[in-house]
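Undergrad: Please find one structure pasted underneath; my questions will follow.
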Amino acid sequence: MRVRLIYSPEVVEKPVLAEIIAKTGLLINILEAKVNAQKGELVVSIPSTGKRLEEILAMFREAGVRVQKVTKVLQIDYDRCTSCGACISPCPTRALRFGPDWTLEFDEEKCVACRTCVNACPVKAITLL
Amino acid sequence: MKRSQREIRSVEEINEKIKRGDAVVLTAEEMIKLADSSGIKVAAKEVDVVTTGTFGAMCSSGVFLNFGHSDPPIKMTKCWLNDVPLYKGLAAVDGYLGATALSETQGFEYGGGHVIEDLVSGKEIELRAESYGTDCYPRRHIETVITIDDLNQAILVNPRNCYQKYDAATNSTDRVIYTYMGTLLPNYGNVSFSGAGQLNPLCKDWNYETIGIGTRIFLGGGVGYIIGEGTQHSPQSGFGTLMVRGDLKKMNSRYLRGASFYRYGVTLYVGVGIPIPIINENVASTAALRDDQITVNIRDYGVPSRPDLRPIVSRVTYADLRSGKVTIGDKEVPSSSLSSYKMAREISEVLKKWILEGRFFLTKPVEPLPRRREFKPLRIRRKELRVRDVMRREVITAKPDDEVKEVARKLVAKGIDHLPVIDRDGRLIGIVTSWDLAKAIANDRNVLSEIMTRKVITAREDESIDVVARRMAQHNISGLPVIDEAKQVSGIITTDDISRRLVGRRLTI
Ligand code: SF4
Ligand code: SF4
């Protein structure tokens, strides 16, 4: 499950993520990070589901971190898409690529909903839901 | 490669075969396969025509329109289609709509390219026109709705299409830049390129032996013609271009797409396909050129210079670029295209089909295209203000371990706002402003290193004021340290300095 963690200024300097990793032993992977002195935003992938996932999300909330599930998704309008490729190399997670016949392919699992491709597409074929 | 070669077949002979239905037509990709497996000699002997294709953003595109006369008639002096202005320095109801013209209400979201696409798809378009009124053309305003069927003529005339190849782009700076080569991530984060390489028409007749004025082509899904060399045609260096025309009314919006480049502007994606008659072995061998034989430079678009002066950071082939990864220095960098290889392929297939079905015949050029052309930059004859003409040379600097209060006193005493922070060797490592200092004192911070901004936006002495002023506006800051190659601070330039210098004049002296 991909989750966006939003740190307020009060907690941004606390090692919340590290503590939860230490406590749960889960391999929480950081996909994207924007942190400065005022606030922080992480997109992480938590290898867990169901009740266990909810418990972990609760731990973040208790520590003062806001939690948003990244269910996205991105939609590609294949009537408009020309498979030009302008969205591919700017994507930070390599979620976009060409298939064998040079058609644009999208790997939902890798996407962190960062919008970079939405802006990069010259024909507005990508929308973020 | 030699130019004059023994002719294997003439265009007339090929057309006879097309009529009989027994011409051998291959797409450029198929030609490459055949040449690889059987050799050029065999390929040249067997193949009559090779079809090519390209589909990319072609900014120098546009359409001549004739609206017909209203009653009472108008001599339109200004005219808009869906709020996009046309060029009206023509007769009363003729106009030219350029692909990069921006909508006056939607900005980068919509422009000439989009209007062209909407016209071709048969959509209704709002027409607005103004005039001063004359005895023969008394009307002064028009507001109505048109479709492409209402127009007498809609003729696509593109002054520069179909670049033979195009240098790729990357970005060395530490911020994202948005260019006509797309989104370029910081620190060589990606490479963006354009062109169909081994499918690209002008790569397949590299020596212009068959392509010339009068060549019939696939243009935007319809039939078009080459009417001359394109602007900036520079064939000797592999950057040939074409000027083309075709009847927009017979085109297809699948192959003409309005496009917006984020924070750059609008344009038109154009599909072009050119048939190459294999008249001799020389043409056969260029028609069989592969992506790995076509090289381009990767240039640093982080340097705000004219395209041919942007530093070359790597030299690669289209095969490298299309593999999705290229190397710059010792770094592996993801690469992707702006033009569509898939569509280029489709166009070469469609053209092949047209020829095989006897619907499209080849032409012999009435005149060849020039094989040499000087490509000149625009010289600015008036002296332009550079940073060095405006900057202040006596710079007060500070050290990272200087005390906040001490430094604040210094700033107040000298009446300045920006203080570059340098290390022991005089290299710039940060900057503090009077605002930072005020905040620091309020928050009880003691030394500069705790509060200084480490990511400093800078200027160089030889940069034009125009570029530097834009940089300051973009980052919403009012002063930049001026540094040299070794990061030594040689001056400081502020918006105040610039405006003082520019009161009542332009950016030239
Ligand atoms: S939103 Fe687009 S650019 Fe961002 S991760 Fe998803 S696919 Fe990649
Ligand atoms: S940039 Fe847009 S048109 Fe090009 S491949 Fe991506 S989604 Fe398709």
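The values are calculated or read from the model by the stated rules, or taken from the named source; none is laboratory data. What you see is a predicted model, and the numbers here were worked out from it, not measured in a lab. Glycine also receives a Cβ, built like all others from the backbone with ideal geometry; neighbour counts cover every protein chain displayed.
Undergrad: Please identify the pairs in which a residue from region B:381-403 that is touching a residue at least 24 places away in the same chain (Cβ under 8 Å) and closer than 30 Å to B:Ile441 by Cα has its Cβ atom under 8 Å from the Cβ atom of a residue that is of a type in the set (A, V, I, L, M) and part of a helix (DSSP H, G or I), counting only partners at least 6 apart or on another chain.
TA: B:Ala398/B:Val407; B:Ala398/B:Leu448; B:Lys399/B:Leu448; B:Pro400/B:Leu448; B:Asp401/B:Leu448; B:Asp402/B:Leu448; B:Glu403/B:Leu448
Undergrad: State which residue is farthest from ligand 2 (Cβ to nearest atom) when the search covers only region A:90-102 and only residues that are over 13 Å from the mean Cα position of the chain (by Cα) and facing chain B (nearest Cβ under 8 Å). If you could, list the steps in order and put the result at the bottom.
TA: Initially, region A:90-102 is screened for residues over 13 Å from the mean Cα position of the chain (by Cα), giving A:90, A:96-102.
Of the ones still in play, those that are also facing chain B (nearest Cβ under 8 Å) are A:90, A:97-98, A:101-102.
Details: A:Pro90: 9, A:Arg97: 10, A:Phe98: 9, A:Asp101: 13, A:Trp102: 10 Å.
Applying the filter and picking the extreme gives A:Asp101.
Undergrad: Could you please find all residues in region B:328-344 being more than 7 Å from chain A (Cβ to nearest Cβ) and of a type outside the set (Asp, Glu)? Outline the logic, then answer.
TA: Step one: list which residues in region B:328-344 are more than 7 Å from chain A (Cβ to nearest Cβ), which gives B:328-333, B:344.
Result: B:Ile328, B:Gly329, B:Lys331, B:Val333, B:Ala344.
Undergrad: Name the strands (runs of 3 or more DSSP E) wholly within region B:309-401 that hold at least 2 residues that are crowded, with 19+ Cβ neighbours inside 10 Å?
TA: Numbers: elements: B:312-317, B:325-328, B:331-337.
In region B:309-401, B:312-317, B:331-337 are the strands (runs of 3 or more DSSP E) which contain 2 or more residues that are crowded, with 19+ Cβ neighbours inside 10 Å.
Undergrad: Going through B:Ser490, B:Ser499 one at a time, which residue ends up being assigned to a strand (DSSP E or B) and of a type in the set (S, T, N, Q)? Steps first, please.
TA: Details: B:Ser499 fails: assigned to a strand (DSSP E or B).
Step by step, each of B:Ser490, B:Ser499 is checked, and only B:Ser490 is assigned to a strand (DSSP E or B) and of a type in the set (S, T, N, Q).
Undergrad: In this structure, does B:Val303 turn out to be surrounded by fewer than 22 Cβ atoms within 10 Å (Cβ to Cβ), modelled with pLDDT under 95 and more than 22 Å from B:Ile217 (Cβ to Cβ)? Show your work before the answer.
TA: On the way: surrounded by fewer than 22 Cβ atoms within 10 Å (Cβ to Cβ): yes; modelled with pLDDT under 95: yes; more than 22 Å from B:Ile217 (Cβ to Cβ): yes.
Yes: the conditions hold for B:Val303.
Undergrad: Looking at this structure, is A:Ile21 more than 14 Å from the chain's Cα centre (by Cα) and either more than 25 Å from B:His114 (Cα to Cα) or away from ligand 2 (no atom under 16 Å from the Cβ) (or both)?
TA: It is true that A:Ile21 is more than 14 Å from the chain's Cα centre (by Cα) and either more than 25 Å from B:His114 (Cα to Cα) or away from ligand 2 (no atom under 16 Å from the Cβ) (or both).
Undergrad: Note down all Cβ pairs under 9 Å where the first residue falls in region A:102-129 and is farther than 15 Å from B:Leu184 by Cα, the second is near ligand 1 (Cβ under 7 Å from one of its atoms) and among the polar types (S, T, N, Q), and they're at least six residues apart or on different chains.
TA: Close Cβ pairs (under 9 Å, with a partner that is near ligand 1 (Cβ under 7 Å from one of its atoms) and among the polar types (S, T, N, Q)) amount to A:Asp107/A:Thr93; A:Lys110/A:Thr93; A:Cys111/A:Thr93; A:Val112/A:Thr93; A:Cys114/A:Thr93.
Undergrad: In region A:15-129, which helices (runs of 4 or more DSSP H) lie fully inside it and hold 1 or more residues that are at pLDDT 85 or above, loosely packed, with under 12 Cβ neighbours inside 10 Å and out of contact with any strand residue (DSSP E or B) (no Cβ under 6 Å at 6 or more places or on another chain)?
TA: Values: elements: A:16-24, A:50-62, A:116-120.
Of the helices (runs of 4 or more DSSP H) lying wholly inside region A:15-129, those with at least 1 residues that are at pLDDT 85 or above, loosely packed, with under 12 Cβ neighbours inside 10 Å and out of contact with any strand residue (DSSP E or B) (no Cβ under 6 Å at 6 or more places or on another chain) span A:16-24, A:50-62.
Yes/no matrix, rows are residues, columns are (1) more than 15 Å from A:Leu5 (Cα to Cα); (2) more than 11 Å from ligand 1 (Cβ to nearest atom); (3) within 14 Å of chain B (Cβ to nearest Cβ):
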| position | (1), (2), (3) |
| --- | --- |
| A:Ala63 | no, yes, no |
| A:Thr82 | yes, yes, yes |
| A:Ile88 | yes, no, yes |
| A:Leu104 | yes, no, yes |
| A:Asn119 | yes, no, yes |
| A:Pro122 | yes, yes, yes |
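Undergrad: So which strands (runs of 3 or more DSSP E) stay within region B:201-297 end to end and still have 3 or more residues that are farther than 30 Å from B:Thr147 by Cα?
TA: In region B:201-297, the matching strands (runs of 3 or more DSSP E) lie at B:275-277.
Undergrad: Given (1) within 12 Å of chain B (Cβ to nearest Cβ); (2) within 16 Å of ligand 2 (Cβ to nearest atom); (3) of a type outside the set (Ser, Thr, Tyr), where does A:Gln75 come up short, assuming only one miss?
TA: All conditions pass for A:Gln75, except number (1).
Undergrad: Would you mind stating whether B:Val115 is within 27 Å of B:Ile274 (Cβ to Cβ), of a type in the set (A, V, I, L, M, F, W, C) and free of Cβ contacts under 8 Å to residues at least 40 places away in the same chain?
TA: On the way: within 27 Å of B:Ile274 (Cβ to Cβ): yes; of a type in the set (A, V, I, L, M, F, W, C): yes; free of Cβ contacts under 8 Å to residues at least 40 places away in the same chain: no.
No.
Undergrad: Could you tell me whether region B:218-230 includes any residue that is within 11 Å of chain A (Cβ to nearest Cβ), farther than 16 Å from B:Ser339 by Cβ and without any contact (Cβ under 8 Å) to a residue 40 or more places away in the chain? Walk me through it before giving the result.
TA: Quick first cut of region B:218-230, residues within 11 Å of chain A (Cβ to nearest Cβ) only: none.
No, region B:218-230 has no match at all.
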